[in-house]
């Protein structure tokens, strides 16, 4: 079997399995996971769900790896494009933008406003599944040593 075999991989896989097994539920599950044929059992629906989950994992499909990395870079660029930002990271597979701000430059109120502004900019400039959490971290430390 190579790239010259005609048809979708679901149908090709089903025909390949027919050589070794005649279980109709198994053959239908493989052949229908991209809706090339009608699913006829709960097992077929389960395989379809598993395929969808697998495809949605960041970087799970080689053709999406480059797009995934570009999306993370774009997300970090959005977060880094403001004054008073110390560092910016796309975390949780791009489902969260974590921004560390300089407390001497960004007040508590400004941090809340920055979170809103960043979220709106992400909504405007990017396409993404689900939602992206924007988390602003403003940390002040007071350190004293006992002698």
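The condition of being loosely packed, with under 12 Cβ neighbours inside 10 Å, over 25 Å from the mean Cα position of the chain (by Cα), modelled with pLDDT of 80 or more and outside the structural domain of residue 134 (by TED's automatic domain parsing) holds for only one of 4, 24, 18, that being 24.
Taking segment 118-140 as the range and being within 15 Å of residue 82 (Cβ to Cβ) and either in contact (Cβ under 8 Å) with a residue 12 or more places away in the chain or surrounded by 15 or more Cβ atoms within 10 Å (Cβ to Cβ) (or both) as the test, the residues that pass are 118, 119, 121, 122, 125, 134, 135, 136, 137, 138.
For segment 83-107, taking the residues that are surrounded by fewer than 16 Cβ atoms within 10 Å (Cβ to Cβ) and out of contact with any strand residue (DSSP E or B) (no Cβ under 7 Å at 6 or more places or on another chain), the one that is nearest to residue 137 (Cα to Cα) is identified as 107.
The values are calculated or read from the model by the stated rules, or taken from the named source; none is laboratory data. On a predicted model such as this, the values are computed, not experimentally measured, just so you know. Here Cβ is always computed from backbone atoms with ideal geometry, including for glycine, and neighbour counts include all displayed protein chains.
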